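Have a look at the structure below, then the notes.
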Amino acid sequence: MGIPIIAGVVAVNSHAPEATIVFESGGIGARSRRIPWGIADNPTAENALASCTMYTVLSDCQRGFISLAVIGGAEIDRYGNLNSSVIPGADGSYARPKVRFPGSGGANDLASSARRTVIMIRLQKGKFVERVSFITSPGYLSGPGERERLGLQGTGPTMVVTDKCIFLFDKDTKEMYL
């Protein structure tokens, strides 16, 4: 949602005209005159190559057909784990949260299975944390080898794009660096 959708539309209309945008809601290859407001907005299927179910798109991702996913979140930690679910309340409770976010949608599937993942998030206080409150979408989890140990087929995040800078991930430690 939001900035990742804009990034995809800008890429297709500038330097990657052969790319096919796949919206997790089912729109494949849409060419609209306006940017969608969300993943299920009408422009995600306007002039599309196909319009299918979310199940189809996410299963295609799990089958290795998505080469690049662009996702966002409310919090990110040094291993690229994203939280887009909840900031627990004062008692640490998920049931009585301080803040509840929209959740994963298909971001967990994309982060777990897409060949590469780019994360887009604003560089603001409170968004970059030592450890996310809740892992909605996995980055490198707790470090090297964790994705492989758990059988995640995607290679993990390749970069974090913010409004101020770009972070990459160390190939050995899997930690984010400027």
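May I ask for the net charge around residue 58, where only other residues with Cβ less than 9 Å from the Cβ of residue 58 are counted and Lys, Arg are +1 while Asp, Glu are -1?
So the environment of residue 58 carries a net charge of -3.
Hand me the GluC sites (Glu not before Pro) from the stretch 53-157 located in a DSSP loop with no more than 13 other Cβ atoms within 10 Å, in residue order please.
130
Need one number: nm distance between label points at residue 171 and residue 34, each 7 Å from Cα along Cα→Cβ, rounded to one decimal.
Calculated label separation equals 4.6 nm.
Using only the Cα atoms of the stretch 24-127, what semi-axes does the equivalent ellipsoid have when each is the square root of 5 times a gyration tensor eigenvalue? Give whole Å, largest first. Show your work: numbers first, answer last.
On the way: eigenvalues 158, 49, 37 Å².
Output for the stretch 24-127: semi-axes of 28, 16, 14 Å.
Hey, what angle do you get for helix 3-13 against the long axis of the chain, alpha-carbon based, 0 to 90 degrees rounded to 10?
For 3-13 against the chain, the angle is about 40 degrees.
What's the carbon and sulfur percent of the chain's accessible surface, probe 1.4 angstrom, rounded to a whole number?
55
Counting only heavy atoms of the protein chains, get the accessible area per residue of the stretch 68-178 (1.4 Å probe) and round it to a whole Å² value. It would help to have the intermediate numbers written out before the result.
Details: 5790 Å² over 111 residues.
For the stretch 68-178, the solvent-accessible area averages 52 Å² per residue.
Can you list which of the trypsin sites (Lys or Arg not before Pro) found in the stretch 100-131 are DSSP loop residues with at most 16 other C-beta atoms within 10 Å?
Those satisfying the criteria are 115, 122, 125, 127, 131.
Once a ≥ b ≥ c are taken as the square roots of the eigenvalues of the Cα gyration tensor of the stretch 33-87, is the result rounded (a/c under 1.5), prolate (a/b larger than b/c) or oblate (a/b not larger than b/c)? Walk me through the numbers before you get to the answer.
Values: a/c = 2.43, a/b = 1.50, b/c = 1.62.
Cα axes put the stretch 33-87 in the oblate bin.
List the pairs from 127/164; 125/171; 98/127 whose alpha-carbon separation is above 22 Å, in the order I gave them.
As for pairs spanning more than 22 Å Cα to Cα, those are 125/171.
The values are calculated or read from the model by the stated rules, or taken from the named source; none is laboratory data. Model, not experiment: these values are computed from the prediction. Cβ: placed from backbone, ideal geometry, glycine included. Neighbour counts: every protein chain shown. What goes into the accessible areas is simple: the full protein's heavy atoms, side chains included, and nothing from ligands, DNA or RNA. Shrake-Rupley method; radii C 1.70, N 1.55, O 1.52, S 1.80 Å.
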